[in-house]
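Rule-based calculations on the coordinates, nothing more; no lab input. Note that this is a predicted model, so its numbers are computed, not measured.
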Amino acid sequence: MRVIHTGELTNDQKNAIMKLWNNEYPDQLNYRDLTDLNSYLSSLPGAQHFLCVRDSDILGWAFKFSRESETWFAIILDSSIQKQGFGTLLLDKLKADEKALSGWVVDHDRYLKTNGDTYLSPLNFYLKNGFGVNRQLRLESAQLSAAMVRWQARPVFQV
């Protein structure tokens, strides 16, 4: 498995990411076509993408972007590589050169994926990786209910 870092995604990469997104995220968040995904990607100023690639298959995607003077992120992993350290690897890539990261995380198991399986909340994964959760600061929409998670680098003190 290798990680590719890029500021621009190719159409082949976008198609693979859309398939990954639609397979692994809750069904109500699916994209109908590449036009919808492109619209979302264009709303992410200065996005940096990290792709987990095995052979020529994209099995993971993480990205970070700027919004309101903060760095935000998201990660998607194919079910076949979850709980093997690849999520932590991608988080470490996202954290590099950052003082803080913020994101929205589904904090319950009430959603279903397209294949009918339960979408399991990744909240414990983020807690294990040094993130805190703010359950009072929520994203609530017709499509999604999620809590905010935030990671902050520890300050380095000079003596």
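General observations
- Relative contact order (%) - the chain, alpha-carbon pairs under 8 angstrom, separation at least six: 20
- Lysine pair count for segment 1-144 with Cα-Cα distance under 15 Å and sequence separation of 8 or more or different chains is 6.
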